[in-house]
Structures are given as structure tokens and as C-alpha cells.
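Asker: To start, I am sharing the structure in question, which I have written as C-alpha cells.
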Amino acid sequence: AAGVIQSPRHLIKEKRETATLKCYPIPRHDTVYWYQQGPGQDPQFLISFYEKMQSDKGSIPDRFSAQQFSDYHSELNMSSLELGDSALYFCASSSGLGSGEQYFGPGTRLTVT
Amino acid sequence: AQTVTQSQPEMSVQEAETVTLSCTYDTSESDYYLFWYKQPPSRQMILVIRQEAYKQQNATENRFSVNFQKAAKSFSLKISDSQLGDAAMYFCAYGSGNTGKLIFGQGTTLQVKP
């Protein structure tokens, strides 16, 4: 079965640069969630989209923005990168909000030097 | 706001024995789900088991079962016949029935001894 696809899998950037992370949900899934997991920490919810509209917002810095496109894929844009942004970024998808089933992608490992 | 607490940073179990990981949560919502996720060294998030809050019956998945005590807001995971491949970080998570977002506990590292 098709799973959530994230690209790139690894990304190295320097401070103050920008990064774009992409997420392709499972086919027919209309909801996307983004999570950030710092080293040795639990995943923290950043933002979510349902039917191309932002549905909820968590602890996402103002330097970050995201959107969901007409084909339901989503992109997380990160600007003015800081060392503290180094983390594993997960995307998860589901069919509908609050459906109780959320499938995670493999994550994008971002390293900021 | 919802919170999830895992009070056991590390646990160990002998291969083939049984271990229970603890989790408590707090919420004022009536519609929610609870999950246990496994995160091996590859850091992939793997869903182990899921419980709907409106269901009284405890969920089971092969060697994995939960003890869901709704009034006490407790959601523990029991792993029976532990295997070496069960060694990983385990996260308890709360899922809102309204927005779907997940709130994770701090995690419990499980070591399985041969």
C-alpha cells in the first residue's frame, strides 16, 4: 500500500538560509499534519491542513509557513534558519479531521550548520 | 489544554516476558483517541495500537494490549512475550477528535534483554 512520502529525506542548510520540505499524503487523504521532533524530544505539532485550508496551528515559528495544494500535497517553508531548527520533521496524513487514524511519513532530517 | 505524561523514562524486560508501559493524560474533550507509537533507531513512527475513547473495550493487537481507564485518564500498554525487536522508544499520544492533532508524551525507552 502507498505510504506518506516526504522529500528530501535529508537536508543540510546554513544559518539564515531557507528550506522547503515536501509531503505527499496517502492517495485520497485530504488532511496533512506537520510535526517537529528535536533530538531526544517527543514530536511537537506544528500545523495542519484539511481540504487545502489551515485547520489548526501549534507551536510553529513565524519564520515558518506552510500550505496544502490542490493535489493535497503540502510544503513547509522555513526561512532565516537557526541552529535550533535542526530536527526531524514528520508529515502525517489522514482521511478527514479527527478520524483517529494518522499515518506518518519517514521524516525529513534537517541539519542547520 | 491537553497533556500527556509518561513517567517512566526507561524500562527493561527479559525476552519472552511481559512489560507494562504507563501513560496518563488530561483533557476536557469528550471525543478523542489514544495511541501508542513505536520509534526504533530508524526514527520511523510506527503505530502500535489505537483506542477510541468512546469504546469501553480495551484494544488488542497480537502481543500488544492496552488498559484504558477513562475515569482515571490512564492508558497503559502491555507487551506480552517480549521480543528483541520490541526494543525502541515508545510514545503515548492523545488525538483530538475535533482537529486530529496529536499530543505526545515524553516517551519511554524500552530495552529487551536476551
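What follows draws every value from the coordinates through simple rules; no lab data is involved. Since this is a predicted model, take the numbers as computed values, not measurements. Cβ sites come from the backbone with ideal geometry, for glycine too, and all protein chains shown count toward neighbours.
Asker: Which whole number gives the average count of other chain Cβ atoms within 10 Å of the Cβ atoms across peptide A:47-59? Let's see the in-between values first.
Answerer: On the way: counts 1, 4, 0, 2, 0, 0, 0, 0, 4, 5, 2, 3, 0.
For this peptide, the per-residue mean of nearby foreign Cβ atoms is 2.
Asker: Provide the convex hull volume over Cα atoms per residue for region B:58-104, in Å³.
Answerer: It is 99 Å³ per residue.
Asker: Could you work out the longest stretch of chain A that avoids the trypsin sites (Lys or Arg not before Pro) located in DSSP loops with at most 15 other Cβ atoms within 10 Å? Don't jump to the answer; show the numbers that get you there.
Answerer: Values: sites that count: A:Arg9, A:Lys15, A:Arg16, A:Arg28, A:Lys52, A:Arg63.
Free of exposed loop sites, the longest segment is A:64-113.
Asker: Identify the chymotrypsin sites (Phe, Trp or Tyr not before Pro) of region B:1-108 meeting these criteria: DSSP loop state and at most 14 other C-beta atoms within 10 Å of the C-beta. Intermediate values should be presented prior to the final figure.
Answerer: Details: sites: B:Tyr25, B:Tyr32, B:Tyr33, B:Phe35, B:Trp36, B:Tyr37, B:Tyr54, B:Phe64, B:Phe68, B:Phe75, B:Tyr90, B:Phe91, B:Tyr94, B:Phe104; in loops: B:Tyr54.
Hits after loop and neighbour filter: B:Tyr54.
Asker: What is the order of B:Leu47, A:Leu46, fewest Cβ neighbours within 10 Å to most?
Answerer: On the way: B:Leu47 15, A:Leu46 22.
The order, fewest Cβ neighbours first, is B:Leu47, A:Leu46.
Asker: When you look at the Cβ of every residue in B:35-48, what mean number of other chain Cβ atoms sits within 10 Å?
Answerer: Counting Cβ atoms of other protein chains within 10 Å of each residue's Cβ and averaging gives 3.
Asker: Ignore the peptide's own chain and count Cβ atoms of other chains within 10 Å of each Cβ in A:100-112; give me the average, rounded.
Answerer: Mean shielding count: 4.
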